[in-house]
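The values are calculated or read from the model by the stated rules, or taken from the named source; none is laboratory data. Bear in mind that the values here come from a model prediction, so they are computed numbers and not experimental data. Glycine gets a Cβ as well: all are built from the backbone with ideal geometry, and neighbour counts include every protein chain shown. Note: areas computed on protein heavy atoms with side chains; ligands, DNA, RNA excluded. Shrake-Rupley method; radii C 1.70, N 1.55, O 1.52, S 1.80 Å.
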Number of protein chains: 2
Amino acid sequence: MTTEPTETTRRNPLSREKVLQAAVALADESGTGVPSMRTLAKRLGVEAMSLYHHFRNKSALLDGMVDSVFAEVELPSNDADWQTAMRRRSASMRDALTRHPWAITLMDSRTSPGRATLRHHNAVIGCLRSGGFSVAGTAHALSVLDGYIYGFTLQQLSLPFEPPADLEGVGGAILENLPRDEFPHLAEMIADLALQPGYAYTEEFDVGLDLVLDGLERERDRWT
Amino acid sequence: MTTEPTETTRRNPLSREKVLQAAVALADESGTGVPSMRTLAKRLGVEAMSLYHHFRNKSALLDGMVDSVFAEVELPSNDADWQTAMRRRSASMRDALTRHPWAITLMDSRTSPGRATLRHHNAVIGCLRSGGFSVAGTAHALSVLDGYIYGFTLQQLSLPFEPPADLEGVGGAILENLPRDEFPHLAEMIADLALQPGYAYTEEFDVGLDLVLDGLERERDRWT
DNA sequence: AGGTACAGCCTTGCGGTGTAAGGTTGTCAA
DNA sequence: TTGACAACCTTACACCGCAAGGCTGTACCT
């Protein structure tokens with residue numbers, strides 16, 4: 001009697017994972033942040049309300065998105081010493097946050113961590129513990145390290161240009177309508193650094209990371 | 001002929017500053033973040049669209065809010081050495097961001113800094129420069145310091161409880177439905193630290209800050 | 001074979017959002 | 001007196017998250 005339009009529907013029903021994947025992809029494409037339920041549904045060839053069968057509300061979906069970003073982050077290996085392990089997972093973390101710029105803003109509004117997030121934290125703690133840190137010392141190290149990683153990435157994302165792009169043009173434009181006599185040090189810094197052809201803000205990350213890691217190494221045995 | 005209902009209107013017309021003040025207050029009260037234009041207008045006894053006579057769009061209002069937070073931050077004084085000056089302005093910065101939790105989330109979406117923001121950065125740069133840092137060294141120091149401050153505060157704000165509040169209760173609740181055999185290190189850490197009566201996450205800030213400042217002091221003369 | 005339970009999806013509708021377009025009003029200078 | 005003009009309001013639109021409830025194909029039981 002009727003045709004069989006439901007075939008396609010039945011063939012590929014949507015799932016938590018498929019929805020999350022689409023949501024992440026959509027958020028990555030539009031720099032405007034998280035997609036709306038309606039646009040997300042449209043992308044999946046589905047009505048908006050269907051998504052609520054897989055997620056209790058939008059907040060749950062956001063939780064899932066954040067967790068899927070953590071899932072992309074390389075866990076610290078136990079083969080290397082803790083410093084190189086931390087260096088690698090820090091770079092991986094920063095890369096993931098840069099690939100998904102919406103994630104860092106999302107992170108601070110979510111309070112219930114997912115499994116990938118828990119696994120990540122557990123692995124990092126384990127790495128530091130077997131690297132010789134006490135429990136309290138691990139807490140200190142985690143606080144400084146993650147604080148630095150998130151904060152640096154946050155700053156980098158708020159820069160008014162793409163990281164490798166023409167810093168000269170933007171820097172010059174800022175310099176032009178900046179009252180140089182009112183903010184002399186700021187003007188000097190932009191002039192000296194940002195306009196230097198070779199300057200890449202991204203490299204600052206490693207400078208700070210090394211500073212933090214050196215400090216941790218020095219304090220490690222003092223932290224009982 | 002008509003009565004004079006406009007008297008109150010004429011007596012206190014709204015201004016950029018009054019709108020900003022109300023917006024900040026409203027954002028502080030409701031933990032839900034930035035107020036909508038309508039609720040903000042209602043608070044001011046005005047219709048929503050009236051606000052657009054003082055701000056080109058909502059983004060401009062948000063810029064103003066962020067700038068007004070920077071205006072609250074204590075500028076580094078030139079009387080003390082750079083380390084204590086940085087320690088004081090860091091604490092002041094963290095306090096401001098804690099008073100206005102919505103600000104840090106807002107910061108990364110704004111790209112055009114206001115006057116108070118520029119003044120703040122200029123003063124910090126000046127303090128480091130006269131503390132003996134080269135231009136490049138100041139850039140490094142700024143990157144690490146601000147990164148740490150923002151990142152730490154971001155983490156602190158995303159904790160699922162009020163900083164001084166009952167960590168025991170929440171920690172215990174988390175511990176209960178956490179698969180301890182799957183995340184042993186995480187469980188150990190929560191058990192050992194968070195449930196300790198004396199533990200206050202806030203104090204972690206100073207531990208990390210001292211670590212960063214010590215590192216900066218050590219690297220200062222190496223950075224040409 | 002017939003009945004029933006149910007997961008998956010859709011429809012409708014509500015109260016909220018930012019803001020474009022244009023109307024109204026009080027003030028002040030010419 | 002007139003006109004310009006800033007401040008403010010009204011209306012309207014397209015979007016948002018989501019509560020409530022309807023429909024339909026599948027699966028299992030008797």
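Pick from A:88, A:16, A:180: which residue has the top mean-square fluctuation in a GNM of chain A where Cα pairs under 10 Å get a spring?
Of A:88, A:16, A:180, the Gaussian network model singles out A:180 as fluctuating most.
Taking a label point 7 Å from Cα toward Cβ, how far is residue A:59 from its twins in the other copies, in nm, shortest first?
2.9
Using Cα pairs under 8 angstrom and six or more residues apart, how large is the relative contact order of chain B, in percent?
Details: 176 pairs, mean separation 39.3, N = 224.
Reported relative contact order: 18 percent.
In whole percent, and with a 1.4 Å probe on the protein chains, what portion of the accessible area of chain B is carbon and sulfur?
52
Note down the relative contact order for the range B:34-153 as a percent, whole number, built from C-alpha pairs under 8 angstrom at least six residues apart.
Once divided by the residue count of the range B:34-153, the mean separation gives 27 percent.
For chain A, which longest stretch is free of loop sites, where a loop site is one of the GluC sites (Glu not before Pro) that DSSP puts outside H, G, I, E and B and that has at most 12 other Cβ atoms within 10 Å?
A:48-181
Can you compute the modelled spin-label distance between residue B:223 and residue A:175, with each label point 7 Å from Cα toward Cβ, in nm?
The answer from the label model is 2.1 nm.
As a check on your grasp of the helix formula, calculate [θ] at 222 nm for chain A: sum -39500 (n - 2.57) over DSSP H runs of n ≥ 4, divide by the residue count, round to the nearest 500.
-19000 deg cm²/dmol
Using a 10 angstrom cutoff on alpha carbons, build the Gaussian network for chain A and name the most mobile of A:71, A:60, A:85.
Taking springs between Cα atoms under 10 Å, the residue moving most is A:60.
Kindly give the distances from residue A:203 to its copy-mates, label point to label point, with each label point 7 Å from Cα along Cα→Cβ, as nm values to one decimal ordered shortest first.
Reported distances to equivalent positions: 4.1 nm.
By the gyration tensor of its Cα atoms, with a ≥ b ≥ c the square roots of the eigenvalues, what is the shape of the range A:105-152: rounded for a/c under 1.5, prolate for a/b over b/c, or oblate?
On the way: a/c = 2.57, a/b = 1.48, b/c = 1.73.
Verdict is oblate for the range A:105-152.
Given a cut-off of 36 Å, what percent of all Cα-Cα pairs of the protein assembly as shown lie beyond it?
Cα-Cα pairs of the protein assembly as shown separated by over 36 Å account for 35 percent.
Which residues of the range B:175-224 end up with at least 30 Å² less accessible area in the presence of all protein chains than when their chain stands alone, using a 1.4 Å probe?
B:182, B:183, B:185, B:186, B:188, B:189, B:193, B:204, B:207, B:211, B:218
Roughly how many whole Å is it from the C-alpha centroid of the range A:183-214 to that of the range B:78-120?
19
Given charges of +1 on the Cβ of Lys and Arg and -1 on the Cβ of Asp and Glu, with all other atoms neutral, how large is the dipole of chain A about its Cα centre, in debye to the nearest 20?
That gives a dipole near 1500 debye.
For chain A, find the longest principal axis of its Cα atoms and tell me its angle to the long axis of helix A:167-176, 0 to 90°, nearest 10.
So the inclination is approximately 70 degrees.
From Cα coordinates alone, what are the radius of gyration and Dmax values for the range B:167-214 in angstrom?
Cα radius of gyration and Dmax of the range B:167-214 are 13.3, 40 Å respectively.
Quote the total accessible area buried by chains B and A together, excluding ligands, DNA and RNA, probe 1.4 Å, nearest 100 Å².
So the total buried area for this chain pair works out to about 4600 Å².
Just add up the charged neighbours of residue A:151: K/R +1, D/E -1, any other residue whose Cβ is under 13 Å from the Cβ of residue A:151.
Details: positive: A:94, B:94; negative: A:108, A:146, A:204, B:108, B:146.
Local net charge: -3.
Which net charge results when you count Lys and Arg as +1 and Asp and Glu as -1 among the other residues whose beta-carbon is under 13 Å from that of residue A:214? It would help to have the intermediate numbers written out before the result.
Working: positive: A:87, A:218, A:220, B:218, B:222; negative: A:206, A:210, A:217, A:219, B:214, B:217, B:219.
That works out to -2.
Determine which chain A residue has its Cβ at minimum distance from the rotation axis mapping A onto B, giving the value in whole Å.
Residue of A nearest the axis onto B, distance in Å: A:151, 1.
Label points 7 Å out from Cα along the Cβ direction at residue B:72 and residue B:95: separation in nm?
Going by the 7 Å Cα→Cβ label model, 1.1 nm.
Taking a point 7 Å out from Cα toward Cβ as the label site, list the nm distances between residue A:80 and the same residue in every other copy, smallest first.
Label point to label point, same position, other copies: 3.8 nm.
What angle do you read, to the nearest 10 degrees and between 0 and 90, between the alpha-carbon axis of helix A:115-130 and the longest principal axis of chain A?
Compared with the principal axis, the helix lies near 30 degrees.
How large is the accessible surface per residue of the range A:183-224, computed with a 1.4 Å probe and reported in Å² as a whole number?
Details: 2040 Å² over 42 residues.
Accessible area per residue: 49 Å².
Explain nothing, just compute: Karplus ³J(HN,Hα) = 6.51 cos²θ - 1.76 cosθ + 1.60, θ = phi - 60°, for every residue of the range A:136-152 in order, whole Hz, x for Gly and Pro.
Each residue's phi maps through the Karplus curve to give 5, x, 4, 4, 4, 4, 4, 4, 5, 4, 5, x, 4, 4, 4, x, 4 Hz.
Cross-link candidates for residue B:18: which lysines have Cα within less than 28 Å, leaving aside residues fewer than 8 places away along the same chain?
Within the straight-line limit of under 28 Å, residue B:18 reaches these lysines: B:42, B:58.
³J(HN,Hα) across the range A:51-62 via Karplus (A = 6.51, B = -1.76, C = 1.60, θ = phi - 60°), whole Hz, x for Gly/Pro?
Once rounded to whole Hz, the list reads 5, 6, 7, 10, 9, 4, 7, 5, 4, 5, 5, 5.
Could you check which residue among A:107, A:189, A:37 shows the biggest mean-square fluctuation in a GNM of chain A with a 10 Å Cα cutoff?
A:189
Compute and list, largest first, the equivalent-ellipsoid semi-axes of the range A:1-158 from the alpha carbon gyration tensor, each √(5λ) rounded to a whole angstrom. Walk me through the numbers on the way to the answer.
Details: eigenvalues 272, 55, 33 Å².
Result for the range A:1-158: semi-axes of 37, 17, 13 Å.
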